[in-house]
Structures are given as structure tokens and as C-alpha cells.
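Read the figures in this text as sums done on the coordinates, not as results from a lab. If you're wondering where the values come from, they're calculated on a predicted model, not measured in any experiment. Cβ: placed from backbone, ideal geometry, glycine included. Neighbour counts: every protein chain shown.
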Amino acid sequence: MDFVTSCAVPNNGDVLTTAFSADSTILCAGTGDSTVVQYYAQRLFKPSSVIFNAAMAAGQEFKLPPVCVRFLPEYLQHRADEQKGAKNMMLVACVDGGLSQWHLGSAQRLQSATFHENPIYALDYEPSGTAIAAGCDDGTVVMLDPNRIGTVVSHLKPEVEWTWTPHGSQRIQSIKHLTGSLVVSGGWSRTALLWDTRAGHPVGKMVGPYICGDGVDAHGEKIVTASFREENPLELWDIRNLSEPTSTLLTVPPVPTADMTRKMSAILLRRDSHHHHPPSPKKTAPDADAAHFEEDVDEVQRPSLFTAKFNPSGSCLLAGGNFGQLHYYDVNKGIEITERDVHFSRGIASAALCTQKHSIFSIAWSPDGRGVGIGGGHGLCLGVTV
């Protein structure tokens, strides 16, 4: 894989969520300064337009960052093109519970809804476009009508014994709608759930995953979970037997180097500025001696993961996390492709992903499998498979 280009988003904001259009030509990035920026994938250096400002749309003076951006799936996209001449419509969910659908060509809002009492933090379309699965702050899943996004078709609720929440939060941070009636979700409860929309409740659970970003994905019978924890942060599961993971891809996160530890506290503080992430562990003064950090490394969070995504064929996956970690795996062989196999075409992209200065919050593969957008504190990078 080559990382061919990199750029900073407007106002140098952190990229919290990314998504490709169904035809793989447009990449959108939701940023911490409450905008969604539209880029043409072939010329990523210049944003074509800032299509959404959450503060303006909500009529508020304060800023409300988008937490999830999703495009219409290919099936619905073609139908929309035929019926309305509309192309590249997408959903945007914000931290205040606002949900809106936008048309990129005209930068117009087509419909909107509010879920203030139970904000939505994760979205995914059913692959055929017949429903939208939305993960909520209270740990429940609502199924929405894609033609009327404010209409709740069904409300899926777990039983108490299905979840374990040591910090008192059930928030769902990531959700994936499989073909048919199955939905996978993960969040702060340390239990990822497999839901059946027909039954209206979970039918399986994965105990342990601590999902603090878009860290759940599925392909075929495989599920991947990316956890913000030191032990076994990246795990593969078989949908037919969720009692334990089939494999643990990343077993021992790297111990911070002396150069990394000097910056560790400042990075943790920056991560906590996004209140949708859980509290960080004990912090130490950023100018403290590196040796002191290494002596107390167990008291400071080692690099952990926020996100993991399969490529469209399911043959490999990318995982990203704190301190700029980027892990590239061959799923069939169950091995990580080493840094020697990841080539950087431009120094700016290499610096963005390899200096371990910024967290990676979001990964989005293009539907054609040829590109991947990587968003985080470094801005936005575009990778192209070779």
C-alpha cells in the first residue's frame, strides 16, 4: 500500500469520522470544528467545499462536532440517481443528537431529525438500503427509515445481563449492519453485541472489547473489534461462535520510546478534549524527564486502538489508534504486514502516520478497494493500494 498524499483540514481540525461515496470518487471528513469537508479523492490537497456546519444548522452559537458520516449504499445511490437525479447523499450525526441528510452536489440539507434525549453516535446503512441502524448513548439500537430519518421503525434493547459497564456508560460508539437482519455494535460497556432486528434484542455477545471509536466491523462471518486497552486490543471473532475470539492479531502494544513519552501527557490531554472519548488514565507533566515516564509506563496508557476496518473483499484490514499506530493485516494468513511492506510516496504522509504524534480516529476504505482514507489528529491521508 502507498500513502500517496496528505493534507490538513480547514482550521487544522482533528478528523473524527471519514466516509467514501458509493462510486469511490468523493471522500468526506467530519472534523472537530463542526464541519464536514468534501474532497475529490484524486486531488485531496484541496477541499472542494465545506458542505456542512453543525452549529449553523442547529441554530446554535456553540460548536457541535459530527461523530459519524455515512453515504448512501450503492443500491440506494443508483435508485436515487434514477428517480431524482440526486447523487452522493449522506447522513451526518452530531454529538447533540442532531441527524441530517445532505446532498453534496448542491450542499443542501434534504431532511433532519433530532434525538436530543438519546443522541446517536454511530450509523450504518443496511447493505440493500432498506434500513439505517443507529447506535445510541443509552446502549440501545434504533432502526430508522432511510426515506424519513426521523421515523423510528423499531427500538432494540438489551437485557441487563447482556452488558457490563464498570464506568456506568452504555454508549454505543460503532455499529455495523450486516446483510439481512443482523447488526453488530460496540461501545463503552466492554461488551460488543450481535443483534437480530427481527427479534428486537441481542442474540450474541463478545465480552471484553472496549470500543472508544469506530472500532467494530464485519465481513462475511468475521467480526473485528478494536479496543482502547493495553491487552489484546485487536481481535477477530466468528459470528457462529462468539464465546471467545478466534484470533488475537495484536497481542502486545509497543512500549513507548523515550521520545514518545516526552509527548505522551500532552497527547492524552488533547484526546480528552473530545468529550466523546472516555477519561484517560493518570497524566504527568509533559516536560517531565523521559526516564521518569518509562519508569511509570504502567501508569500511563500505552498505545491502544480506536478503529479497525476490513477492505471490501475482506482479505485484509487496517487498524489505527493512539500515537499514530497504523497496523495492516493479512486476514487470511492472520499476520501483520511489516513496515517494510508499507511504502510512503511522499514525506508529508510518512510524517503524518509514522512520527507517532497524533491519534488515528477513523479509517474508511473506498468501495472499489483501491483507496483508504485515514483521519485523525494529523488531518487526512489518502492511501492507494498497489
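Table for the structure above
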| read-out | value |
| --- | --- |
| Theoretical gain in end-to-end length, residue 118 to residue 248 [0.36 nm per residue, Cα-Cα removed] | 43.5 nm |
| Efficiency of FRET between residue 23 and residue 231 - r from beta-carbon atoms, R0 30 angstrom, step 0.05 | 0.15 |
| Size of charge dipole - the stretch 189-252 - debye, nearest 20, with Cβ of Lys, Arg +1 and Asp, Glu -1, no other charges | 200 |
| Burial ranking of peptide ranges 94-105, 206-217 (average Cβ count within 10 Å, highest at the top) | 206-217, 94-105 |
| FRET E, pair residue 368, residue 335, Förster distance 30 Å, beta-carbon r, rounded to 0.05 | 0.75 |
| Contour minus Cα-Cα distance for residue 201 and residue 108 (0.36 nm per residue) | 29.9 nm |
| Virtual spin-label span in nm between residue 152 and residue 40, 7 Å along Cα→Cβ | 4.3 |
